[in-house]
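Take a look at the structure set out below.
No lab work stands behind these numbers, since they all come straight from the coordinates. Quick caveat: nothing in here was measured; it's all calculated off a predicted structure. Neighbour counts run over all protein chains shown; Cβ positions are idealised from the backbone, glycine included.
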Amino acid sequence: MDWQASQAPERQPRLVAQLTRMIQSDRLSHAVLLTGEQGSGKEAVAHFLIQMTLCENPQNVPCETCRACRLLKSGNHLNVHSVEADGQFIKREQIDQLIHELSKTARESGRKFYIVHEAHRMNASSANALLKFLEEPTSDVTAILLTNQPHALLPTIRSRCQQMTLQPISSEQLKQQLMEQEVTESMASTISKMANSVEEGLALTEEEEFGLARRGVLKLMEALERGTAHALVQAHEHVIPLLKDKEKAERILDLLLFAYRDIVACKANPGSDCTFPDKKALWEQIAMRSTFEQLTYQLEHIMKARRRLHQNANRTLLMEQLVIELREVNAGV
Amino acid sequence: MKFEVMRDRLLEALNDVMKAVSSKTTVAILTGIKIEAKKEGIYLTGSDADITIQTFIPVEEDGEQIVQLTQTGSIVLQARFFNEIVRKLPTNDVLIEVKNGYQTDVRSGKSEFHLIGQDANDYPLLPQMEEDQSFTMPAELVKSIIRETVFAVSTSESRPVLTGVNWQIRDGELMCVATDSHRLARRSTKLENAPADEYNAVIPGKSLNELNKILEDNSEPVEIVLTSQQILFKAGNVLFYSRLLEGNYPDTSRLIPSEHKTLVVVNGRALHQAIDRASLLAREERNNVVRFTTQGQNAVEISSNSPEIGKVEEQVLAEQIEGEELVISFSAKYMMDALKAIEGHDVQIQFTGVMRPFILKSVHDDAILQLILPVRTY
């Protein structure tokens, strides 16, 4: 993975300032838990923290030129270890290996660090193995745990870490930044709801399937106005082929959810900003004739479909059923 | 950097260095070896983070020119490719030259390779070793110390400190202890030129196994330099660095019983062979357990019984049996490992009871001590 320390001050100015003060006054705990949404820059902050500590002559930022900084940037620093989920979970052997590695003396000068990416992916056994090591580290070791689901961690692990929360980037800010990168306004509005960082957003604009998904969902919304049969045909033509894997299917359901959110927002406050500003006329039209009860019913069904997706339901059937359920409301249920 | 070197000498040096290079490393720079050309000769360094091996090719040796140095410098080259290339070069003269940054040319005869190297400044630095904390031992002694202890280290990673051998220097004596909490191997050695300060470190078992492969079985002196971070073994032109394990090694001296109720003296080799035979039937069942029974004053019986397979009994003549009658069961593997470490001589086994650990020693000296925990059987 690329070394992202230099992005941290820009993405998390407040937290970085706080960390810098802590490092300078040597008040940093031996275990840090960084929590924040996907894309809020957890890695960047973790990297910054490490580089700031190991840098040989830091001012308020790492010097970027000393040996430690150079090694960190090229990924060749031997005091930094990291663990990522191997498949679904971070397995027991991975933690054992990490502990074994860290129980040997350091090769470079300074503290040793380890980063546990997606710490909530530790299963009970690996979490307990790590817990023991968190409690009694053998020497100068600092743990950095990253997660976007702090509550999925064992409470015993949370209580042993200094917890810090990263600010998510606001969707308005994200939209502005995306538009500065020459993304069209309608696309930027949609992406600012789906993504959590500029990089992630730009990656989405370059992804062909995301464009197709967005168009497919809007086509489906139009077709839902025209009748169940139309909607089913549209779903089969433009949406179902895109349900190739769970993440993509989840994304499509999210887009659909945001479309209904737009309608509710239009109904409640005609001036509110939309995920799909290019379809505002259609949303207003639907909002006019639907009641809040109906819209709530539809939103609930999308949420239900999203849950069933995680239970590995057949995705084609799931989508068909959802279309029918969304239509039921119009038929006067 | 530019120099010419004899291929066979380069290959010989590479061979040792390659033992430290691991293909599984996650750190890119460690897939390479560092080549450093200095006035006095060429240094090659390979490492897998745990161990680092450095070899040295002198410019001249015994009046023979081995290296022709044109320009000093250093570079890191991909170990696997460089090794294969040198192995297959057509002539015995190899020219290595670094130009425009990290591009490296390797020429021999009419063959010419252009390799892309990495910045040698990114390679991990070798630790600074203070020479005052050091002592020397002949290579064969280092090898036998390793052989007699390292087999007993733990292979489970649940207690990392037990995967190493504890080296302790106190009162001019080197005490090496390894244990996996079921058995223990201890070897003490008198040092002629022991360092003044006490020293205590845990050396990873894997590192010692590698060192054992590199050292030759001769009486050449090996200098051992100690620091709190690393340990260095110097043998001729080869330097072997190992990281140490952190954490406190458990105090094992209390585990070793000082008195005994039964004493058996028996020929080690005969006992080893008998246990090896008995374990044939025990292999699958219950962790290789064999039973040891004293019979009168001059024989012991080794037996094993697996209900599905059958049973085996064998009598081994004992030199001497003193004290209480005894029936005890233990792991055949642990016993054979221990007997192998004591090597052939008459072995003295001291038991303190059926459920208490027992110890094995040579009858001639106390240098080697092996301790094994028995297995409870009914």
State the antiparallel share, in %, of DSSP beta bridges confined to chain A, rounding to the nearest 5. 5 percent
Just name one of A:SER171, A:GLY271, B:TYR334: the one whose Cα is farthest towards the positive end of the charge dipole of the protein assembly as shown (beta-carbon charges, Lys/Arg +1, Asp/Glu -1). A:GLY271
Report, to one decimal in Å, the Kirkwood hydrodynamic radius for the range A:5-168 based on all distinct Cα pairs. 15.9 Å
Consider just the alpha-carbon atoms of the range B:300-368 and return their Rg together with their Dmax, both in angstrom. 13.4, 43
Looking only at Cα atoms, what is the convex hull volume of the range A:207-330 per residue, in Å³? 92 Å³
All-pairs Cα distance distribution in the protein assembly as shown, expressed in whole percent, bin size 10 Å: 3, 11, 16, 17, 17, 14, 11, 7, 4, 1, 0
Using a Förster distance of 30 Å, how high is the FRET efficiency between B:GLU84 and B:GLU216, based on the Cβ-Cβ distance and rounded to 0.05? 0.75
Subtract the Cα-Cα distance of A:GLU320 and A:THR165 from 0.36 nm times their separation in residues, and report this length gain in nm to one decimal. 51.8 nm
Inter-probe distance in nm under a simple model that places probes 7 Å from Cα toward Cβ, at B:GLU112 and B:HIS182: 6.1 nm
Which value, in debye to the nearest 20, describes the size of the charge dipole of the protein assembly as shown about its Cα centre when Lys and Arg Cβ atoms bear +1, Asp and Glu Cβ atoms bear -1, and nothing else is charged? 2140 debye
Averaging over all projection directions, find the projected area of the Cα convex hull of the range B:256-372 and quote it in nm² with one decimal place. 6.5 nm²
Could you let me know the centre-to-centre spacing of the range A:221-274 and the range B:306-338, using Cα atoms, in angstrom? 77 Å
Listed residues A:THR316, A:THR147, B:SER134: farthest to the positive end of the dipole of the protein assembly as shown (Cβ charges): A:THR316
Averaged over its residues, how many other protein chain Cβ atoms are within 10 Å of peptide A:101-114's Cβ atoms? 5
For the modelled label position 7 Å from the Cα of B:ASP366 along Cα-to-Cβ, which residues of the range B:252-270 have backbone nitrogen atoms closer than 17 Å? B:252-261
Which of the peptides B:4-16, B:203-215 is most tightly packed, and how do the rest follow, going by the mean number of other Cβ atoms within 10 Å of each residue? B:203-215, B:4-16
Protection-proxy order for peptides B:96-106, B:32-42, A:66-76, each taking the mean of Cβ atoms within 10 Å per residue, highest first: B:32-42, A:66-76, B:96-106
About its Cα centre, how strong a charge dipole does the range A:5-168 have in debye, to the nearest 20, once Lys and Arg get +1 and Asp and Glu get -1 at the Cβ? 200 debye
What shape does the range B:176-288 take by its C-alpha gyration tensor, where a ≥ b ≥ c are the square roots of the eigenvalues and a/c under 1.5 counts as rounded, a/b above b/c as prolate, and the rest as oblate? prolate
What's the magnitude of the charge dipole for chain B around its Cα centre, counting Lys and Arg as +1 and Asp and Glu as -1 at the beta-carbon? Answer in Debye, nearest 20. 1200 debye
For chain A, take every pair of Cα atoms, bin their distances at 10 Å starting from 0, and report each bin as a whole percent. 5, 22, 26, 21, 16, 9, 2, 0
Looking at the protein assembly as shown only, what percent of DSSP beta bridges run antiparallel? Nearest 5 please. 85 percent
Could you tell me what percent of the DSSP beta bridges with both partners in the range A:5-168 are antiparallel, to the nearest 5? 5 percent
At 20 °C and 1.002 mPa s, what whole-number value in µm²/s does Stokes-Einstein give for the translational diffusion of the range B:1-107, with Rh from the Kirkwood sum over Cα pairs? 154 µm²/s
For the range A:111-231, using Cα atoms only, the Rg and Dmax in Å read 21.4, 68
Which Cα, out of A:LEU49, A:ILE95, A:THR65, lies furthest along the positive dipole direction of the range A:31-95 (beta carbon charges, K/R +1, D/E -1)? A:THR65
Extension gain A:GLN24-A:GLN38, at 0.36 nm per residue separation less the Cα-Cα distance, in nm? 2.2 nm
Along principal axes, Cα extents of chain B, largest first, whole Å: 81, 51, 41
